[in-house]
Amino acid sequence: MTVNIQKRPYWILAVVVLAALVVTLHFWEKSAKADSGADTSDIPSAAVVLVKRGTIANSLTLSGAFRPYQEVDVHAKVAGYIRTIYVDVGDQVKTGQVLAVLEVPELNAQVTGAKADIRRSEEGIHRAQSDIKRAESTYTAYHAAYTRLKQASEARPGLIAEQELDDSLAKNQESNAQVASAQAALAEAQSQLSVAQAVLERLAALETYSHITAPFTGVVTKRYADTGALIQAGTSSSTQSMPVVQLAEWSRLRLVVPIPESAVPDVHLGDVVRVHVSALNRDFDGRVARFADALNDETRTMHTEIDVENPKGTLVEGMYAETKIALREHAGTLIVPVQAIERNSTGATALIVDPQNRIAERQVKLGEETSDRVEVLEGLAENERVLIGNRSEFHVSEKVAPKVVLDNGGIAEGGA
């Protein structure tokens, strides 16, 4: 068999060229992968977040204690002994409900006397009316007699003696005066009746105060007296009067909190707030109902009260609660985590990862800030990747492998 020795160098040359081509392609592919970021074995990973638009609200968390919406010591308006007391601590009462009844013997006697005065005045009126009728009858008779005598005297002068005519005139005038006197007596008797009735009305009003009633719907929180105890009138300034019970309204409570001076302009009447009670591990809705509209000189805070409805009595006086009051809210603004921002003497900066996966530094202008987020007014655009974490591990222009951190703390698929 004849072998063509002249063709071997060509086969060897072809093998060498092919091997060189394979090696070249291998190194070119590796270099391309490195440049494109696909091979990150030697490139540090960097946690980033995307700049997103959202709502940021600056809020203030304050602590306070619940107080009753109303609380009062119920006193007696008149002095007396407690005949019966119907309530005790913890009893729920309604407006107008009788809490206790006082025994006031002197007042009862005064009422009896006032009624007697009314009867006496009424009898005096009847007597005066009878006297008027009698006086009027007498006056009518004397006046008629005098009129006839005068007419006869005028018709036939000298027929009637002057003395007789004068006596008739005197009786006529006297009977007329008696009518006026009887009318005056009637007016006086009517006046006395009005006075007696006024006295009785006053005593009757005081007698109603012997029934001590609830001024509002609430709960009895203290009971100061028992049956038979002497209660002084609460209107007397010369004696130390003892209350009968203490009453508090718990269907609505006041949460008292101190608002710092810096937050005063952002607190408004009617603002709805969330109240958290740690003892119950529950949240309740509250409303800013009133504030002092003046700062305390020592604490530089403003006394503010938040009304919280408590229809089922879940909350009790003295419980501590925390309330979060929204001060300012900006919607549709650019927001980043606080840890993405570094502050210095010239302002604030953030590190971003540009489209080529290299670190770049940006000057930013900040707005509202909460405990974990901050508003960016200038310097960043939506969906830009902002570096979070330890900035000292990276430097400007360094190439990194970005890993997008989601809001729930996870990593986005594909890393970037």
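The values are calculated or read from the model by the stated rules, or taken from the named source; none is laboratory data. Not measured: the values here are computed from a predicted model. Cβ coordinates were reconstructed from backbone atoms using ideal geometry, including for glycine residues, and neighbour counts include every protein chain displayed.
Thr304 meets the conditions (1) surrounded by fewer than 16 Cβ atoms within 10 Å (Cβ to Cβ); (2) in contact with a Lys or Arg (Cβ under 9 Å, 6 or more places away or on another chain); (3) hydroxyl-bearing (Ser, Thr, Tyr) in every case but one. The failed one is (1). Any residue in region 195-215 that is at pLDDT 80 or above, hydrophobic (A, V, I, L, M, F, W, C) and in contact with a strand residue (DSSP E or B) (Cβ under 6 Å, 6 or more places away or on another chain)? So far as region 195-215 goes, yes, one or more of its residues are at pLDDT 80 or above, hydrophobic (A, V, I, L, M, F, W, C) and in contact with a strand residue (DSSP E or B) (Cβ under 6 Å, 6 or more places away or on another chain). Being without any contact (Cβ under 8 Å) to a residue 24 or more places away in the chain and touching a strand residue (DSSP E or B) at 6+ places or on another chain (Cβ under 7 Å) is true of Lys365.
Among the residues examined, Leu62 qualifies as in contact with a Pro (Cβ under 9 Å, 6 or more places away or on another chain) and either of a type in the set (Val, Ile, Thr) or in contact (Cβ under 8 Å) with a residue 40 or more places away in the chain (or both). When region 186-200 is limited to residues that are buried (at least 17 other Cβ atoms within 10 Å of the Cβ) and within 24 Å of Tyr139 (Cβ to Cβ), the one that is nearest to the chain's Cα centre (by Cα) turns out to be Ala189. Scoring Ile352 on the criteria (1) part of a strand (DSSP E or B); (2) within 38 Å of the chain's Cα centre (by Cα) leaves a single failure, condition (2).
Okay, residues lined up against (1) over 20 Å from Thr61 (Cβ atoms); (2) of a type in the set (S, T, N, Q); (3) modelled with pLDDT under 85:
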{"site": "Phe284", "(1), (2), (3)": "no, no, no"}
{"site": "Val316", "(1), (2), (3)": "yes, no, no"}
{"site": "Ala326", "(1), (2), (3)": "no, no, yes"}
{"site": "Gly332", "(1), (2), (3)": "yes, no, no"}
{"site": "Pro355", "(1), (2), (3)": "yes, no, no"}
{"site": "His395", "(1), (2), (3)": "yes, no, no"}
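Okay, residues lined up against (1) without any contact (Cβ under 8 Å) to a residue 12 or more places away in the chain; (2) outside the structural domain of Gln97 (by TED's automatic domain parsing); (3) within 21 Å of Ser59 (Cα to Cα); (4) buried (at least 17 other Cβ atoms within 10 Å of the Cβ):
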{"position": "Ala214", "(1), (2), (3), (4)": "no, no, no, yes"}
{"position": "Val219", "(1), (2), (3), (4)": "no, no, no, yes"}
{"position": "Ala229", "(1), (2), (3), (4)": "no, no, no, no"}
{"position": "Arg252", "(1), (2), (3), (4)": "no, yes, no, no"}
{"position": "Pro260", "(1), (2), (3), (4)": "no, yes, yes, no"}
{"position": "Val272", "(1), (2), (3), (4)": "no, yes, yes, no"}
{"position": "Ala279", "(1), (2), (3), (4)": "no, yes, no, no"}
{"position": "Phe291", "(1), (2), (3), (4)": "no, yes, yes, yes"}
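Candidates Ala145, Ala152: the one that is surrounded by 12 or more Cβ atoms within 10 Å (Cβ to Cβ) and closer than 30 Å to Ala182 by Cβ is Ala145. Going by the conditions given, is Asp354 assigned by TED's automatic domain parsing to the domain that holds Arg254 and either in contact with a helix residue (DSSP H, G or I) (Cβ under 8 Å, 6 or more places away or on another chain) or not basic (Lys, Arg) (or both)? Taking the combined requirement at face value, the residue does not satisfy it. In region 301-327, the residues that are more than 16 Å from His276 (Cβ to Cβ) reach residues that are among the charged types (D, E, K, R) and not in a strand (DSSP E or B) with C-beta atoms within less than 8 angstrom, at least six apart or across chains, in these pairs: Thr301/Glu261; Met302/Glu261; Leu327/Asp266.
Among the residues of region 100-121, the ones that are of a type in the set (Lys, Arg) and either in contact (Cβ under 8 Å) with a residue 24 or more places away in the chain or touching a strand residue (DSSP E or B) at 6+ places or on another chain (Cβ under 7 Å) (or both) come to 2 in all. For the criterion of being at pLDDT 90 or above and either closer than 29 Å to Thr95 by Cβ or among the β-branched types (Val, Ile, Thr) (or both), Ala233 fails.
Restricting attention to region 123-142 and to residues that are of a type in the set (Val, Ile, Thr) and more than 60 Å from the chain's Cα centre (by Cα), the residue that is surrounded by the fewest Cβ atoms within 10 Å (Cβ to Cβ) turns out to be Thr140. When we screen Leu203, Leu165 for residues that are closer than 30 Å to Asp73 by Cα and surrounded by 14 or more Cβ atoms within 10 Å (Cβ to Cβ), the only hit is Leu203. Hey, among Thr299, Thr314, Thr323, Thr304, which residue is within 30 Å of Leu99 (Cα to Cα), of a type in the set (Val, Ile, Thr) and either outside any loop (DSSP other than H, G, I, E, B) or more than 17 Å from the chain's Cα centre (by Cα) (or both)? Just one listed residue meets the conditions, Thr314.
Got at least one residue in region 103-114 being touching a Phe, Trp or Tyr at 6+ places or on another chain (Cβ under 6 Å), under 30 Å from Lys312 (Cβ atoms) and not small (Gly, Ala, Ser)? Looking through region 103-114, none of the residues is touching a Phe, Trp or Tyr at 6+ places or on another chain (Cβ under 6 Å), under 30 Å from Lys312 (Cβ atoms) and not small (Gly, Ala, Ser). Selection of region 269-296 for residues being over 17 Å from the mean Cα position of the chain (by Cα) and part of a loop (DSSP other than H, G, I, E, B) yields Ser278, Ala279, Leu280, Asn281, Asn296.
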